[in-house]
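I have placed the structure first, in the form of structure tokens, so that the comments after it can refer back to it.
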């Protein structure tokens, strides 16, 4: 074998464990889901093997699925917006802190040490009728009767912000860390106020980090089903809840497969758009 | 020759490598070969291990029910037989069925299933086993009326033993709703606009349709005006704070006064009363009665499972579990002395004939399962 041929093969040999893992753990299961989506669920609960378009027809034409998908995208967008507004100042503070940034970053990571479900359920003890907030308001005489704060759309968004905010802060922080602080000093020396140097220099340079955080928050938010299940009311279901119900409650794996692929396609399209205009490199930095 | 496990084998190999007796390529090659050999033999290991049962998997409803099983049945059984009982939990029979469907035969062994309709579904999907009743002598103590429906479904044989029974009745906070009001309004209290946002309900489609039939004065096992039932389900949804999805959530909503009224499981409500909460419980006429069984799935180690079932049906175990989980046992009160606490539990029938309870007709409910579960998914979300 020639040296060139051996050199051409080497990257593939080195990559083969990773490619095998991705193939076996991602593409093969996805293939199964795709095949399942063309089967049918029979009245007995068994699956009928074949090539049927019924599930896809229902998923694509039924307004029920369309409305819940749009509502999911709306909730994910609001959550992402709130995460950006709350996360940017926090990331800026950590990036520009003179003390030990490692401690601040550690504090940011602390919530990840507790299960996501437990963190979500903790809001019941805070916002519930007999929770901490209502008890405090009653004790202070602010209200006469407990206020119903749970099991509605705002409580779902709150739970999602709680879950996703660290992802936003980390991405923006990484982006801000990469900006040379001399640029702000140069802008100030040329007559810009601190606000102007932030708006015209720092903010534009940190936008890729903000976009990467936004993408992560949006995709993770749109794909969750635990938060609406725990903190939502009857009409606050998100698209992933439909997948959960089709597969777990109705045992309709073929329809659940079609719905999950539909959600994957919508979120995948967003990732592709992001990659086309901003590239995945910034996202990798944030995740790293 | 002493048997060597894989860990010892790996440690010896590592020691040789560290001592320089083995080059790196050889070491990694042998580790890889060991991994490959283990991976290849693992799918077949289950069958080899089946000869020598060291554990049985049991899945149930979690919470106080699981605690009672662990304390009064599994731990003593393990102590006696040396067979470990691994217990998992589920939120409902549908959820569990999807896990079984995704698993391998033999992965799941015994399930605490609710309702004869679940037995019929599991049997219909070919997940049933055939128990050797000679290995379960304690079956003689069980109420005959609880065994009959199972035999009817599986052609005279049994894949399960009945274990307990209970009801899904009306549970209400006495601080806000009186016993008289519940007696007067019955199932319609769940549609009372005065309690808007203080009402809850189980997300289970069967329970919703059962109560909708009661609210529209129909036979829950044969509703003729189904549209009226769905209208009642919608009316209930519009007054609802939340659909609960587990017994723990039901107890939390009532105990924290997030809600004042819901339908609830008799044993869970009794547990709340025991904890000191002033929660009332009433079965409306034709209230939802159910029986639970311990179902053995196809591919399970039968003798070990039968031994566990017999152990669990022994009066001393069964009574202790019943007192722990607050559901009357399937034992016939005419044959076994059930002690002092069990006669005070909701739904308990001292005659052992259970003529006062209305059970779900499996043919009727399973016949509507596909259509109604899907419709419920939509109605639940505001459609």
Compare B:334, B:215, B:370 in a GNM of chain B, Cα atoms joined below 10 Å, and give the one with the largest fluctuation.
B:370
Taking neighbour Cβ counts within 10 Å as the exposure measure, how do B:199, A:124 sort from fewest upward?
A:124, B:199
Before anything else, pin down the relative contact order of chain B: Cα pairs under 8 Å, at least 6 apart, normalised by residue count, whole percent.
25 percent
Pairwise FRET efficiency - residue A:13 versus residue A:35, Cβ, R0 = 30 Å, nearest 0.05
0.45
How high is the relative contact order of region A:56-287, in percent, counting Cα pairs under 8 Å that sit 6 or more residues apart?
27 percent
Hey, what did region B:282-383 get for relative contact order, percent, Cα under 8 Å, at least 6 apart?
29 percent
Separation in nanometres of the label points that stand 7 Å from Cα toward Cβ, at residue B:316 and residue B:107:
3.8 nm
Estimated FRET transfer efficiency when R0 is 60 angstrom, pair residue B:337-residue B:235 (beta carbons, to 0.05)
0.80
Exposure proxy check on B:294, A:207: fewest-to-most Cβ neighbours within 10 Å is A:207, B:294
Length gained, residue A:145-residue A:276, 0.36 nm per residue minus C-alpha separation, equals 41.9 nm
Using the beta-carbon distance between residue A:116 and residue A:269 and R0 = 35 Å, what value does 1/(1 + (r/R0)^6) give for FRET efficiency, to the nearest 0.05?
0.85
How do B:179, A:144 line up, fewest other C-beta atoms within 10 Å first?
A:144, B:179
How far apart, in nm, are two points set 7 Å out from the Cα along the Cα-to-Cβ line at residue B:125 and at residue A:177?
4.8 nm
For chain B, what class follows from the C-alpha gyration tensor (a ≥ b ≥ c being the square roots of its eigenvalues): rounded when a/c is under 1.5, otherwise prolate if a/b is larger than b/c, else oblate?
prolate
Folded to 0 to 90 degrees: helix B:24-50 orientation relative to chain B principal axis, Cα:
50 degrees
Divide by every residue of chain B the summed helix terms, -39500 (n - 2.57) for each DSSP H run of at least 4, and state the resulting mean residue ellipticity at 222 nm, rounded to the nearest 500 deg cm²/dmol.
-14000 deg cm²/dmol
To the nearest 10 degrees, how steeply does helix B:315-325 sit against the main Cα axis of chain B, on a 0 to 90 scale?
70 degrees
How far apart, in nm, are two points set 7 Å out from the Cα along the Cα-to-Cβ line at residue B:141 and at residue A:195?
8.1 nm
If I fit a long axis through the Cα atoms of helix B:205-215 and take the longest principal axis of the Cα atoms of chain B, what angle between them do I get, 0 to 90°, rounded to 10?
10 degrees
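The numbers here are math on the coordinates, done by the rules we state, and not lab data. Computed from a predicted model, the values in this text were never measured in an experiment. FYI the Cβ positions are ideal-geometry reconstructions off the backbone, even for glycines, and counts take in every protein chain you see.
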